[in-house]
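This report refers to the structure that appears directly beneath it.
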Amino acid sequence: MALVRHLCVNPALSRADLATAVGLTKSTVSMLVRELIDEGWLQEREVVVTGDRGRRPTPLFIDPTRMLLLGAEVGVGVIRIVATSLTGDVLATHQIEMDARPAAPEAIRQLAQGLSQLHQQLQGEGRQVIGIGVGLPGGVDEATGVLRFAPNLGWRDLAIGPLLAAELASTALNAVPLYLQNEADVAAVGEMEFNATERGDPLIYVSINEGVGAGVIVDDRLLTGHRGFAGEVGHIVLQIDGPRCSCGRLGCAEALIGLSAMSPTRAEGSQTRTMTELKQRLQVRDTLTIAAVHRAGNYLGVLLHNLCAAYDPACIVLGGTGVTLGDDFTEPALQTLAGYAEAAKLPPPNVRISRFGADAVAVGAAALARYRLTRPLIAPNAVARGQA
């Protein structure tokens, strides 16, 4: 898979270029490329005629036409599922509404049904599903498929991987490799795998929803940590006497930046409960809501500064429903971050919004499958079947 991995990062190389890059002979690379083309991983494209004399080398690319990746996000109140090509083109989507804190067995059953339905929808196109990825709102032991803790769902030490594999055992997806990881981690992988022109390295993806999380890529590798909790930046303490977080501690970033932080309690006792309500209050320029969103944005800027100090990223990507609030939320964050950079006499880091929008986690989960399949020597194995 070294050739595929290299073309994921550096498309349009010739066979000779690949041979030089990976340290193999041209004849060996030519043989391997032919096999990968036959299997559906790679494709050749026509050479653009420039008028120069001599035969131009044939460029090679990842083939977007013959294989499928499935990705899913298990979020608070919703499951999002996408089917993508090997290059990240979204071919189909499926969404399942559910309770904000659903029973885990029912949520896993619905997830399996949704994956199977989307696969059936695309079966007539003749594409082969080669991997399934799932993004979860908490720390994940990727090697075993166990979700350690998802406070916003109320799930702890749940073997989602084996349970999902058991649900898929009677479907056409029963033998497809299955990978699970934290939601922000998979979104970071999506920005790296499916966005070659703006990927940056190190890259940090920051997710702002009901909770706050981050995925970190360094040297083309996802940092997951010793126990799978790397990136749980929502529980970095920003204010030691701050509001109580869902984890039980005081002053966590999540309690200062997440939805609850942007939902001011009104004098009459009402409180903004959903992102839709929050947007509606911003549209009518409700002063209390504007102030709360600005304050949360400022704390986001503080969090981003701390991440910059720790990782010195080439790129920060913001995603999640929080960024849909627009400039009322993101501008205070960027101004705060720029202020810290100016004080240190440094240019502010490159910050952009995820191009995948609401599907960033689901698309990233599909990208996780490609990432793991093309890095077999350093990656955790897919979730083993028959362990539920």
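Please treat every number below as a calculation from the coordinates, not as lab data. The shown structure was predicted, so the numbers you read here are calculated from the model rather than taken from an experiment. Because the Cβ atoms are built from the backbone with ideal geometry, glycine has one as well, and the counts that use them run over all protein chains shown.
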Global geometry of the range 2-62, whether rounded, prolate or oblate, following the gyration tensor of its Cα atoms and the 1.5 cut on a/c | prolate
Relative contact order (percent, whole number), the chain, Cα cutoff 8 Å, 6+ residue spacing | 18
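Which value, in debye to the nearest 20, gives the size of the charge dipole of the range 197-353 about its Cα centre, when Lys and Arg are +1 and Asp and Glu are -1 at the Cβ?
Details: 13 positive and 16 negative charges, 62 e Å.
Dipole of the range 197-353, to the nearest 20 debye: 300 debye.
Given only helices, namely DSSP H runs of n ≥ 4 each adding -39500 (n - 2.57), what is the per-residue ellipticity at 222 nm of the chain, to the nearest 500 deg cm²/dmol?
Numbers: 11 runs with 139 residues, N = 388.
Result for the chain, helices only: -11500 deg cm²/dmol.
From the Cα gyration tensor of the range 295-383, with a ≥ b ≥ c the square roots of its eigenvalues, which class applies: rounded if a/c is under 1.5, or else prolate if a/b is larger than b/c, or else oblate?
Values: a/c = 3.18, a/b = 1.69, b/c = 1.89.
Note, shape of the range 295-383 comes out oblate.
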Using per-residue counts of other Cβ atoms within 10 Å, averaged over each peptide, order 4-16, 128-140 from highest down.
-> 128-140, 4-16
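What's the extension gain from L24 to K345 if we count 0.36 nm per residue and subtract their Cα-Cα distance?
Numbers: separation 321, 0.36 × 321 = 115.56 nm, distance 4.55 nm.
Contour length minus the Cα-Cα distance gives 111.0 nm.
What's the magnitude of the charge dipole for the range 2-62 around its Cα centre, counting Lys and Arg as +1 and Asp and Glu as -1 at the beta-carbon? Answer in Debye, nearest 20. Intermediate values should be presented prior to the final figure.
On the way: 8 positive and 7 negative charges, 48 e Å.
For the range 2-62, the charge dipole is close to 220 debye.
Just the projected area, averaged over all directions, of the convex hull on the alpha carbon atoms of the chain: how many nm²? Before the final figure, lay out each step's value.
Working: hull surface 90.3 nm².
Taking a quarter of the hull surface, the average projection is 22.6 nm².
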Any idea which of A21, H6, V33 is furthest toward the positive side of the dipole for the range 2-62, if Lys and Arg beta-carbons carry +1 and Asp and Glu beta-carbons -1?
-> A21
Kindly identify the range 137-203 as rounded, prolate or oblate by the Cα gyration tensor criterion: order the square roots of the eigenvalues as a ≥ b ≥ c, call it rounded if a/c is under 1.5, otherwise compare a/b with b/c, prolate if a/b is larger, else oblate.
-> oblate
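Taking 0.36 nm per residue of sequence separation and subtracting the Cα-Cα distance, how much length would be gained by fully extending the chain between Q121 and R221, in nm to one decimal? Each step should come with its number before you reach the end.
Numbers: separation 100, 0.36 × 100 = 36.00 nm, distance 3.32 nm.
So the extension gain works out to 32.7 nm.
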Here the relative contact order (percent) of the range 2-62, from C-alpha pairs under 8 Å and at least 6 apart, is 44
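Take the Cβ-Cβ distance between A16 and R101 as r, set R0 to 56 Å, and report the resulting FRET efficiency rounded to the nearest 0.05. Present the calculation step by step, with values, prior to reporting the outcome.
Working: r = 56 Å, r/R0 = 1.01.
E(calc), rounded to 0.05, equals 0.50.
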Could you give the length gained on full extension between R355 and I240, defined as 0.36 nm per residue of separation minus the Cα-Cα distance, in nm?
-> 37.9 nm
When only C-alpha pairs under 8 Å and at least 6 residues apart count, what is the relative contact order of the range 197-353, in percent?
-> 24
By the mean-Cβ-within-10 Å protection proxy, highest first, 335-347, 61-73 rank as 61-73, 335-347
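Can you sort V176, V284, V78 by how many other beta carbons sit within 10 Å, fewest first?
On the way: V176 22, V284 7, V78 13.
Neighbour counts put them in this order, fewest first: V284, V78, V176.
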For the range 275-307 the trypsin sites (Lys or Arg not before Pro) that pass both the DSSP coil test and the at-most-16 other-Cβ-within-10 Å test are R285
Computed ³J(HN,Hα) along the range 96-106: with the Karplus parameters 6.51/-1.76/1.60, θ = phi - 60°, integer Hz and x for glycine or proline, the list is 10, 7, 8, 4, 5, 10, x, 5, 4, x, 5
Which order do V302, V363 fall in if you start with the one that has the fewest other Cβ atoms within 10 Å?
-> V302, V363
Taking every eigenvalue of the Cα gyration tensor of the range 197-353, multiplying by 5 and rooting it, what semi-axes result, largest first, whole Å?
-> 27, 18, 14
